[in-house]
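The values are calculated or read from the model by the stated rules, or taken from the named source; none is laboratory data. Quick caveat, the model's predicted, so the values are computed rather than measured. Note that we place each Cβ from the backbone using ideal geometry, even for glycine, and neighbour counts take in every protein chain shown. Quick note on the areas: whole protein, heavy atoms, side chains included, nothing else; ligands and nucleic acids left out. Shrake-Rupley method; radii C 1.70, N 1.55, O 1.52, S 1.80 Å.
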Amino acid sequence: SNGQHQQCNKEEGLDATTNASSRINNNYDYDDDDDENGTIDTAVSSHTPVPVPTFANTQNQQQNSSNNSVTTESLTSQQQQQEQRTRKLRHMSSADSGVSDTDAMNPTTALTGEQVKKDESRSKKILQRTVLGLCMFIPFCGILYAGHLYICLLVALIETTLFLELVRVRYKGNYATIQDQIPLFRTTQWMWFAVAMFFNYGDFITDIVQNNQELHYLLPYVKFTGSLSFVLYSTTLMVTISTLQREHVRFQINQLCWTIVVLCLTLGQLKYVMHNIYNGLIWFVLPVCLVIINDIMAYVAGMSMGRKFISRPFISFSPNKTWEGFIGGGVFTLISAWYLSKFLAQYTWMTCPARDFRLVPESLDCIPDPIFMPAHWIFPSQIFELFPRNFVRTLPGVVQICSTVKEALRQQEPAEVTSDDSDAFLQISSPLIELEPCISGNDRQLHSHFELVVEDDFYPIQVHALWLALFASVVSPFGGFLASAIKRAYGIKDFAALIPGHGGLMDRMDCQFLMALCTWVHYNTFVKLATVSVPKLSYLFSLLTEKEQAEFLKLLQKQHGSEMILGNE
């Protein structure tokens, strides 16, 4: 036992000496010619521990420990001497070459072969993504020019590809079971997809027909789309239940749930994307571009500044995502939204809605919505009340508005009411008070509020774009995080290899789903109720009975008068 213990002490001493020697050589990497006397080799050889007898007792162990401490102290002293010698050599070489001491003490470390290979691979990947991104963007612009119908067909094609990529995630891992033992597995999946597509865009086609007076001849046919959707749903449900196998029923139910989740992620969130297209291409192009800009700038910001300011992980299951990328992408998206929306608002092809299906594109002409016209922007005056008045007066463009009592009323007011007594002044009835810019030295005026009116090149659509950009920066990326979680769960890098350097369409469209749904909600809430139009009201009026029509006209006459109903001749 003592012999084994002594042998361990010997090995530990050798390891400590070897490690110290390796630390010296690693810290001071210089040529052999610089060390003519072989100081490091001598130090290592002279401090090699001496073996002790195998019958060593406690005193021998203490002596061995003291020898080890002496060895360590000698090595430490040797390291200090070597460090001083190396500094002297570097100082002499830097003085001859004109290099500062700071640069000499912090030389640039050469990249290893793996680091060079990784850096070249990253540069190649960035170049490949950039080139293929431009190759995808140019055809996209061409489809935008082709017209609304072709954009809708592109969206339908993308949705089909997305569904295919997502259902393949579970299909590949269970191919043998599915192929040999479960009948009509892929058939039932595509039947569910067809039902969802028909239900989604059957409503869209019905809305287009109802909102276009020239297409009302199709109304007897499109009114059955809801009934046909229910028939298709019932048929697909029966076929799916009929194919369940007793041995694989659990797997089949799990797969059915996955299919429904995929339909909700893709078709469910994209139900109103075609409505966005026909409401005006700007409601389709602007959100898509905002998501693309946020994705690109988040990648650039994360690659250049990632974990330099915030070391805390952003998403645990996606370690490449950083706070710097998330914040940087949001800032650039907000700035881009302000200018991009103003640029798109100047073209009627982007702002005018479409009401029919045209194979050949034609120019659009409409009365622009007020949000696409230059307007005055009055900054909320309540914000200025949060700051000292003397400070607000120094801000450029800010006008101080004062209230003035009319002369006839002023003569009737008590003399004690002065310009400084604002509470007594407010007791004067408001119709006898005038608001006008303040004039210095006029004691008849009392401060009312501050105004800031922005008149130059402002479009209301820019404010809407900022809200959409905020959503694209804060909420939409979580669609991409969900896609990353799915890939982690199933052990795949990309959903497909359709686009080199990018993966599949799902890898590029994962953030667009929520953005399209948000645009529809924002448009119907803050811009215009898209489901109401004169042709559609005319069609709904025709569905009423004669008694109901007379009652409806009577109600309109009561609410708005006969002139609005009959018009002025």
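Yes or no, residue by residue, for (1) at pLDDT 85 or above; (2) surrounded by 12 or more Cβ atoms within 10 Å (Cβ to Cβ):
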| residue | (1), (2) |
| --- | --- |
| I126 | no, yes |
| G133 | no, yes |
| Y145 | yes, no |
| I158 | yes, yes |
| V167 | yes, yes |
| R170 | no, yes |
| T177 | no, yes |
| D180 | no, no |
Qualifying positions in the range 521-563 - out of contact with any helix residue (DSSP H, G or I) (no Cβ under 9 Å at 6 or more places or on another chain), of a type in the set (S, T, Y) and either surrounded by 12 or more Cβ atoms within 10 Å (Cβ to Cβ) or at pLDDT below 85 (or both): S562
Subset of the range 472-512 (residues that are charged (D, E, K, R) and under 19 Å from C289 (Cβ atoms)): D507, R508, D510
Test result for L359, crowded, with 17+ Cβ neighbours inside 10 Å and among the aliphatic types (A, V, I, L, M): no
Residues of the range 439-481 satisfying the condition of being more than 28 Å from the chain's Cα centre (by Cα), more than 25 Å from T404 (Cα to Cα) and without any contact (Cβ under 8 Å) to a residue 60 or more places away in the chain: D456
A196 being among the small types (G, A, S) and at pLDDT 90 or above: yes
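Can you find, within the range 311-330, the residue that is farthest from P460 (Cα to Cα) among those that are outside any loop (DSSP other than H, G, I, E, B) and touching a residue at least 24 places away in the same chain (Cβ under 8 Å)?
At the first step, the residues of the range 311-330 found to be outside any loop (DSSP other than H, G, I, E, B) are 323-330.
Now restrict to residues that are touching a residue at least 24 places away in the same chain (Cβ under 8 Å): 325-330.
Working: G325: 29, F326: 27, I327: 26, G328: 25, G329: 24, G330: 21 Å.
Only one residue tops the list, namely G325.
Scan L215, L228, L237 and give me the residue that is open to solvent by less than 40 Å² (accessible area, probe 1.4 Å), aliphatic (A, V, I, L, M), out of contact with any Phe, Trp or Tyr (no Cβ under 6 Å at 6 or more places or on another chain) and part of a helix (DSSP H, G or I). Please lay out each step first, then the result.
Numbers: L228 fails: open to solvent by less than 40 Å² (accessible area, probe 1.4 Å); L237 fails: open to solvent by less than 40 Å² (accessible area, probe 1.4 Å).
Result: L215 is the single residue among L215, L228, L237 that is open to solvent by less than 40 Å² (accessible area, probe 1.4 Å), aliphatic (A, V, I, L, M), out of contact with any Phe, Trp or Tyr (no Cβ under 6 Å at 6 or more places or on another chain) and part of a helix (DSSP H, G or I).
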Within the range 398-447, tally of residues that are small (G, A, S), open to solvent by 50 Å² or more (accessible area, probe 1.4 Å) and either assigned to a helix (DSSP H, G or I) or modelled with pLDDT of 75 or more (or both): 5
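Please find, within the range 483-520, the residue that is most open to solvent (accessible area, probe 1.4 Å) out of those that are β-branched (V, I, T) and assigned to a helix (DSSP H, G or I). Talk me through it step by step, then tell me what you get.
Filtering the range 483-520 for residues β-branched (V, I, T) gives 486, 492, 499, 519.
This time we only want the ones that are assigned to a helix (DSSP H, G or I), so: 486, 519.
Values: I486: 18, T519: 1 Å².
Ranking the qualifying residues of the range 483-520, first place goes to I486.
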Conditions (1) under 23 Å from V453 (Cβ atoms); (2) of a type in the set (D, E, K, R); (3) part of a loop (DSSP other than H, G, I, E, B); number of the one not met by K308: (1)
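Q269: within 30 Å of R170 (Cβ to Cβ), over 17 Å from the mean Cα position of the chain (by Cα) and open to solvent by less than 70 Å² (accessible area, probe 1.4 Å), yes or no? It would help to see each step written out before you state the result.
Working: within 30 Å of R170 (Cβ to Cβ): yes; over 17 Å from the mean Cα position of the chain (by Cα): no; open to solvent by less than 70 Å² (accessible area, probe 1.4 Å): yes.
Against the criterion (within 30 Å of R170 (Cβ to Cβ), over 17 Å from the mean Cα position of the chain (by Cα) and open to solvent by less than 70 Å² (accessible area, probe 1.4 Å)), Q269 does not qualify.
Filter the range 196-211 down to the residues that are of a type in the set (V, I, T) and open to solvent by less than 40 Å² (accessible area, probe 1.4 Å), then identify the one that is farthest from T266 (Cα to Cα). Working first, answer last.
In the first step, residues of the range 196-211 are kept if they are of a type in the set (V, I, T); the result is 205-206, 208-209.
If we keep only those that are open to solvent by less than 40 Å² (accessible area, probe 1.4 Å) as well, we get 206, 208-209.
Values: T206: 21, I208: 22, V209: 25 Å.
Here the residue is V209.
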Answer residue from the range 448-460, given it is buried (at least 17 other Cβ atoms within 10 Å of the Cβ) and touching a Phe, Trp or Tyr at 6+ places or on another chain (Cβ under 6 Å) and is farthest from V291 (Cα to Cα) among those: F450
